[in-house]
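Single-structure report; data block below.
The values are calculated or read from the model by the stated rules, or taken from the named source; none is laboratory data. Because the structure is predicted, anything quoted here is derived from the model rather than measured. Note that we place each Cβ from the backbone using ideal geometry, even for glycine, and neighbour counts take in every protein chain shown.
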Amino acid sequence: MNIKNSERKEKSMADIFVEVGAEELEKALMNAYFKSRGKIAVPGFRKGKAPRKTIERMYGSSVFHSDALDLLAPQAIDLIAAETDLRIVGFPRVTDVDFKDENAGLDITVSVAVYPEVTVGEYKGLSAVKTQPEAADSEIDSEIAGMRLRNARIEKAERPAVNGDIAVIDFEGFLEGEPFEGGKDENYELELGSNSFIHGFEEKLQGMSAGEEREIDLVFPDNYAEHLAGKPVVFKVKLNEVKEKILPDLDDEFAKDVSEFDTLDEYKADIRARLVAARQEEADVAFENALMDKLIEPLDFDIPDVMVEEQMEIAMNNFAAQVSAHGMDPSTYLRIMNISPEDFRENSRVTSERQVRIMLALEKIAELEGIEVSGEDIEKEYESGAEQYKMEIDKLKESVSEEVITRDVKIRRAAQLVTDSATAEEPAPEGSAEAAAPAVKVKKPSSGKAAAKRNPEAGEATAEGEGPAKKPSTRKPKSDNTAKPAEAQDAPEGQPKPKKAAAKPEGDK
């Protein structure tokens, strides 16, 4: 067996032509015969006893070709890996076979995807806009207002209900005079203004006093459950009790109760610092993304489809891991978003191709800069990943190879080199043409992040993926069977968001 020649094709593909001699073919055919003869019925012979030539005369000369090729193809692929300098991506495929005759052997054509030849331009001294994070006083006030609400005392109110109160109610819904399923509850605590019930319900409770009964005429939304969608109903409601929230005084004692600080001023300063720090991280990510876009913009090289497909799979695995980490089944989440797994995966194609281009460019920069990764560096990455995933380090090493760790660290350091050498531009003044232009939101490129940013259970991912999806809401729909809505979950960036239910939990529709 030997390699006759190779032919480069577009999209970083290549065809390798392997010649198999007559002797090797004959050996493979005999092995195929020994393997299959016990399954072949030949009149006059017990199974497994018919000579090969007899079987070939009866079933055709090619009867053992398929099994012989199953034996020869892996050998041809191993030969290509050993005797060529091609850096193969994915799995080679046998695309053509020419069985000449038993005395002449056969030719096997193997199609392989190869790493593209990457040439990078100037990667030091790039520039991009970088915002300076700030936190307005109103944002601090809003944060504190939320904390006051969460720490409010709940007390009985001897007055009519107003927006923001908690109304303790009995209710039952009627459709055409008959009660409908899921429309009844007793002593249900409803916060007025929370929009938990269908539109108009909470508004019509305002002004009621404890002990008062009222009939509320409403129409269900058109996008509600089929048996109720668009239909008029009547809710009979009794208000049992009104509760109000008593906010704590905004003083130093409040700060001591809700934080580690002794004064309100210190607490406010801490909130401001945390907001600014979070926005600084976002600004750093956006800056690096903009630099990565400038880095790959002038580059022109073909990417094998298999590399994009692998990156799309990584993105899908990352999405599933993130949604699962927030307590929701990924398939259920996609169903709420009204998108199929296939469409979700396909929607990541553009960002996945961008991600691959960035990784290839950064790999080339790491090569040009002679970036090296020591054994100590690799061990630290394993320790970090094991701590993050709460795994034994030996188990992590079984999931993620040193080769993957090394590649990721090199990519990360190359990205840091590009960022460190770049110039940060001031944002355009408000009101200018540049500031009025729509912003293009880009995702943080994968700069490796090594094992600590990979789901080890998903196998040896070679990069982070296309960037994290937005965190789904950790709040769950109420489990009771009453006329209340499920809370809409946030969709990952670039994907449609699920519609908010109108009145009942998702499971009650």
* Asked: From Asp170, Asp165, which residue is within 26 Å of Ser209 (Cα to Cα) and buried (at least 16 other Cβ atoms within 10 Å of the Cβ)?
  -> Asp165
* **Hits in segment 100-138 - residues which are aromatic (Phe, Trp, Tyr) and crowded, with 18+ Cβ neighbours inside 10 Å** => Tyr123
* Asked: When you scan segment 163-184, how many residues do you find that are assigned to a strand (DSSP E or B) and closer than 21 Å to Gly207 by Cβ?
  -> 8
* Of the residues that make up segment 16-24, is at least one under 39 Å from the mean Cα position of the chain (by Cα), surrounded by 12 or more Cβ atoms within 10 Å (Cβ to Cβ), among the aliphatic types (A, V, I, L, M) and modelled with pLDDT of 90 or more? -> yes
* Might you let me know whether segment 285-292 holds any residue that is farther than 30 Å from Val89 by Cα and at pLDDT 95 or above? => yes
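Across segment 401-424, what is the number of residues that are touching a Phe, Trp or Tyr at 6+ places or on another chain (Cβ under 6 Å) and either modelled with pLDDT under 95 or surrounded by fewer than 17 Cβ atoms within 10 Å (Cβ to Cβ) (or both)? Reasoning before the result, please.
First, pick out the residues of segment 401-424 that are touching a Phe, Trp or Tyr at 6+ places or on another chain (Cβ under 6 Å): 418.
Narrowing further to those that are either modelled with pLDDT under 95 or surrounded by fewer than 17 Cβ atoms within 10 Å (Cβ to Cβ) (or both): none.
Residues in segment 401-424 being touching a Phe, Trp or Tyr at 6+ places or on another chain (Cβ under 6 Å) and either modelled with pLDDT under 95 or surrounded by fewer than 17 Cβ atoms within 10 Å (Cβ to Cβ) (or both): 0 in total.
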* Structure fact -> Exactly one of Ala277, Ala286, Ala269 is assigned to a helix (DSSP H, G or I) and crowded, with 17+ Cβ neighbours inside 10 Å, and that residue is Ala286
* Asked: Within the set of pairs 6 or more residues apart or between chains, which connect a residue that is closer than 17 Å to Gly173 by Cα inside segment 200-228 to a residue that is aromatic (Phe, Trp, Tyr) and modelled with pLDDT of 95 or more with Cβ atoms less than 8 Å apart?
  -> Phe201/Phe235; Glu215/Phe235; Ile216/Phe201; Ile216/Phe235; Leu218/Phe201; Leu218/Phe235
* Which numbered condition Glu178 fails, given (1) without any contact (Cβ under 8 Å) to a residue 12 or more places away in the chain; (2) over 30 Å from Arg272 (Cβ atoms); (3) within 41 Å of the chain's Cα centre (by Cα) -> (3)
* What do you reckon, is Gly193 on the phi > 0 side of the Ramachandran plot, surrounded by fewer than 19 Cβ atoms within 10 Å (Cβ to Cβ) and without any contact (Cβ under 8 Å) to a residue 40 or more places away in the chain? -> yes
* To do: For segment 25-52, enumerate the residues that are loosely packed, with under 14 Cβ neighbours inside 10 Å and among the hydrophobic types (A, V, I, L, M, F, W, C).
  => Met30, Phe34, Ala41
* **Members of segment 384-400 that are surrounded by 14 or more Cβ atoms within 10 Å (Cβ to Cβ) and either of a type outside the set (Val, Ile, Thr) or on the phi > 0 side of the Ramachandran plot (or both)** => Ser384, Gly385, Ala386, Gln388, Tyr389, Met391, Leu396, Lys397, Ser399
* Asked: Which residue, of Ala128, Ala73, is over 30 Å from Asn289 (Cα atoms) and either at pLDDT 90 or above or more than 39 Å from the chain's Cα centre (by Cα) (or both)?
  -> Ala73
